[in-house]
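Read-outs throughout are calculated quantities, based only on the coordinates presented, and are distinct from any laboratory measurement. This is a predicted model, so every value here is computed, not measured. Note: ideal-geometry Cβ built from the backbone for every residue, glycine included; neighbour counts use all protein chains shown.
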Amino acid sequence: MHKEILLKNGQILVLRNPIPDDAENMIQYLNAVGGESDNLLFGKDEFRLTVEQEKEHIKNMNQDLNSLMLLGLVENHIVSVSQIASSNRKRIAHNSEVAISVKKEYWGIGIGNAVMNELIRFGKENTAIKNISLGVRADNHHAIKLYEKVGFEKVGYHKDYFNINGDFYDEILMDLYI
Ligand SMILES: CC(C)(COP(=O)(O)OP(=O)(O)OC[C@H]1O[C@@H](n2cnc3c(N)ncnc32)[C@H](O)[C@@H]1OP(=O)(O)O)[C@@H](O)C(=O)NCCC(=O)NCCS
């Protein structure tokens with residue numbers, strides 16, 4: 001898959017599947033973006049996969065018909081990594097989960113929106129997928145607004161799910177039923 005999208009600031013966003021050769025840049029990106037907000041499951045330099053492990057993960061994701069990993073690039077630099085992934089257990093394989101990050105200096109120009117729409121399009125076109133879920137820190141209003149805009153609804157929460165340097169935050173659970 002390869003798509004080009006015009007962003008609000010006039011730059012072009014390229015969305016494509018990662019290839020194993022992207023692994024090193026993706027790890028660098030994820031370790032940096034982890035430190036740009038306290039809203040991800042990992043902080044700065046806490047994304048601990050080795051290049052070999054990340055290459056393997058990319059290969060597995062690209063082979064899995066019910067999952068999609070997407071890179072977002074502006075001028076050849078990674079500005080977003082996202083994925084929709086389904087369980088390989090038959091009884092729950094119709095449930096998929098999305099995860100998304102955008103590099104901070106590129107927030108607010110339409111990348112999150114474009115990426116979510118692409119992940120949802122994949123979910124809708126894949127007849128095996130019936131539900132898309134996500135979890136988001138309860139005070140991440142920017143992300144919650146984006147998810148509601150693209151059709152997610154709040155379905156529950158995990159109390160004190162996140163431990164950010166000793167402070168606990170709830171996780172809101174959101175679903176989009178297809
Ligand atoms: C949440 C995140 C993915 C959004 O990406 P983004 O590229 O900034 O999103 P967009 O520019 O497409 O904006 C999408 C919507 O978000 C909302 N939004 C954008 N900027 C906002 C801001 N500064 N404040 C509040 N809401 C905002 C708006 O509803 C916007 O829709 P609009 O363009 O119609 O106004 C991004 O901020 C991010 O990666 N944050 C850190 C990691 C994270 O929180 N990941 C999600 C974990 S669940």
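A few comments on the model shown:
- Filtered by the rule that a residue be outside any helix (DSSP H, G or I) and either of a type in the set (D, E, K, R) or buried (at least 16 other Cβ atoms within 10 Å of the Cβ) (or both), the range 15-39 gives Leu15, Arg16, Pro18, Gly34, Glu36, Ser37, Asp38, Asn39.
- Apart from one condition, Phe47 fits all of (1) more than 19 Å from Asn140 (Cβ to Cβ); (2) free of Cβ contacts under 8 Å to residues at least 60 places away in the same chain; (3) within 15 Å of the chain's Cα centre (by Cα); the exception is (1).
- Residues of the range 30-41 classified as over 13 Å from the mean Cα position of the chain (by Cα) and not charged (D, E, K, R), total: 4
- When residues in the range 93-141 are screened for being more than 9 Å from the ligand (Cβ to nearest atom), assigned to a loop (DSSP other than H, G, I, E, B) and not small (Gly, Ala, Ser), 6 of them pass.
- Check on Lys149, surrounded by fewer than 17 Cβ atoms within 10 Å (Cβ to Cβ), near the ligand (Cβ under 9 Å from one of its atoms), free of Cβ contacts under 8 Å to residues at least 40 places away in the same chain and not hydrophobic (A, V, I, L, M, F, W, C): yes
- Tally, over the range 79-92, of residues that are assigned to a helix (DSSP H, G or I) and within 12 Å of the ligand (Cβ to nearest atom): 0
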